1. Need the full-extension length gain, Asp3 to Lys100, defined as separation in residues times 0.36 nm minus the C-alpha distance. One decimal, nm.
2. Using θ = phi - 60° and the Karplus relation 6.51 cos²θ - 1.76 cosθ + 1.60, list the HN-Hα couplings for the range 96-111 in order, rounded to whole Hz, with x at every Gly or Pro.
3. Full-extension gain between Ser45 and Glu68, please, as 0.36 nm times their residue separation minus the C-alpha to C-alpha distance.
4. Across the Cα atoms of the range 3-111, what radius of gyration and what greatest pairwise Cα-Cα distance (Dmax) are found, in Å?
5. What are the ³J(HN,Hα) couplings of the range 5-15, residue after residue, when phi is run through the Karplus curve with 6.51, -1.76, 1.60 and θ = phi - 60°? Round to Hz, x for glycine and proline.
6. For Glu107 and Lys16, what does the FRET efficiency come to when R0 = 25 Å and r is the distance between their Cβ atoms, rounded to the nearest 0.05?
7. Tell me which residues come under 5 Å, amide H to amide H, from His30 once H is placed; ignore anything under 5 positions away on its chain.
8. Please list, ordered by chain and number, the residues whose modelled amide H lies under 5 Å from the amide H of Ile66; skip anything fewer than 5 residues away on the same chain.
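Read the figures in this text as sums done on the coordinates, not as results from a lab. Remember, it's a predicted structure, so these values are computed and weren't measured experimentally. With ideal geometry, Cβ positions are generated from the backbone for all residues, glycine too; neighbour counts draw on all protein chains shown.
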Amino acid sequence: MRDEEAVRKHLPLNPKVAVILLALAEGSAHGYEIKKRAEEHSDGSVRLDAGSLYRTLGQLMDRGLIEEASERPGPDEDDVRRRYYHLTSLGKNVVQAEVKRLSDMVELARANDLIPSTGG
């Protein structure tokens, strides 16, 4: 399967999945850090309880979009119970394609005077 086809089969992303992938675009993180980043990026509109978060992380691993990170923080910053996750190259390509898809929609909305134009 070509890369483009592999990416396209994951689109469009559910908003919860999109903010999780965007949170991991910042770098590897454990579950609670992913939750904090995702809720911050969505201005609180996406709320992730522990069950929903870890279920979604498992699904994203099954889909090959994220994987458990092999590198961990130093012992003074780590808790051995934590699992750290990061984007795979497919996951990065999927989140980039989703951002482009949404950006194109915003530009179309601007062109049709549905939202204000940027700039002066």
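1. Values: separation 97, 0.36 × 97 = 34.92 nm, distance 1.61 nm.
Gain on extension, Asp3 to Lys100, equals 33.3 nm.
2. Here the 3J(HN,Hα) series is 5, 5, 5, 4, 5, 4, 5, 4, 4, 5, 4, 4, 5, 4, 4, 4 Hz.
3. Working: separation 23, 0.36 × 23 = 8.28 nm, distance 2.63 nm.
Taking 0.36 nm per residue and subtracting the Cα distance, the gain is 5.6 nm.
4. 14.6, 52
5. Result, ordered by residue: 5, 4, 5, 4, 5, 9, 9, x, 8, 4, x Hz.
6. Details: r = 24 Å, r/R0 = 0.98.
Given R0 = 25 Å and the Cβ-Cβ separation, E is 0.55.
7. Tyr85
8. Met61, Thr88
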